[in-house]
Each structure stands twice: as C-alpha cells, then as structure tokens.
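Structure, as structure tokens:
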Amino acid sequence: MACFKRFSLYGLLALVFVSVPVRAEPDARPVVGEVNRIQNTAYATHDGDVRQLAMGSPVLMMDSLTTGRDARLGVLLRDGSTVQLGENAELLVDRYVYQPGRERTITLDAVKGALRFISGKMRRSAKRDIQIRTPVLNLGVRGTDFWLGPIDGATGVLVLEGKVLVSSRYG
C-alpha cells in the first residue's frame, strides 16, 4: 500500500509538472535604447506583439515605433543619440550596433511622419555608419542634428548642425 501511495504522489507531481504551460523564451533582441519622453500614446511592435510605451520602456532592435494623434515620443539610444517622433509617425529600428572602438551602425526606417535625430557619441567616430531611410529619400548622417518630415506635400530635411547627404533612387 505504501508503494501505491508513493507512486500516486509521484504520478500527481509528474502530472502537475507536465501540465504547467511552458513559458516562451524571453525576447533575445538587444536593447538599443529607452523612452525618455512621451506625450499621449505610443507603441512598439514586433512580429505582431504590441507593447504600449511609457517613460523608461526599453526599445529593442527591430521594434517598429508608432505614435498617434497629438502624440510625441523621444528615445535615448545607447550611444547618447536621440530620436524624437512627432504625431502619427512610424519608425523601424532596423539596425543598431554600438561597440566603442569598433563597429558603430544605425539604420532607421522612417516609414511616415516627422522625426528629429541628434547624434550622440557616434558623431565623433570615424567608424560610423548612420542612415535614415524613408520611402522617397535616403540620408547619410555625418555628426548632426536634423529634422525630417512631411512639408507642403513633399518630404523636407532641415539640418540644424552637421551634414546630411540626401539621395533617392533618382540620384
């Protein structure tokens, strides 16, 4: 009888462990920055997973950041660069590699809306590649502070400091 009770207890424990749902592995994408300014509602989306952002929320590689009506979002990247999104904007963090003394790459896809980019420590690095891509323009950033967005039915670029190399599929 003692053997039956021991077997029943072990069987019950095995059933409990088998029936506990397995948790998915935590998101292995690297953290590239964090939210340092937010007004109204903004979201980060990746593979159908939507997270509402708040002050201090992490921003991960391949996050698509979106703002709604009357919303603003500021992100402080690991190298000290900042990205500020205006209302109804969408930005994909396509690539971000910051390894001091080695590779330093930022590629952002500005899908829609206005943004301001102010480069941080990458500004002073010779080994940097900072690109902002839009549906109509590609910008190569060289140690700068600039605004990019819709103006009078077109896409405008206002350079406040530094250089921005602008190109399109037409040249």
**OP:** Select from the stretch 32-53 the residues that are within 17 Å of Asn88 (Cβ to Cβ) and among the polar types (S, T, N, Q) and write down the one among them that is most open to solvent (accessible area, probe 1.4 Å).
**Re:** Gln52
Original post:
With the stretch 54-156 as the region, which strands (runs of 3 or more DSSP E) entirely inside it contain at least 2 residues that are modelled with pLDDT under 90, within 16 Å of Gly33 (Cβ to Cβ) and open to solvent by less than 20 Å² (accessible area, probe 1.4 Å)?
Top reply: 104-112, 128-133
Original post:
For Tyr96, all conditions in the list (1) touching a Phe, Trp or Tyr at 6+ places or on another chain (Cβ under 6 Å); (2) in contact (Cβ under 8 Å) with a residue 60 or more places away in the chain; (3) not charged (D, E, K, R) hold save one; what is the number of the exception?
Top reply: (1)
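The values are calculated or read from the model by the stated rules, or taken from the named source; none is laboratory data. Just so it is clear, the model here is predicted, and its values are computed rather than measured. Don't worry about glycine lacking a Cβ; one is built from the backbone with ideal geometry, like all the others, and counts go over all protein chains shown. Quick note on the areas: whole protein, heavy atoms, side chains included, nothing else; ligands and nucleic acids left out. Shrake-Rupley method; radii C 1.70, N 1.55, O 1.52, S 1.80 Å.
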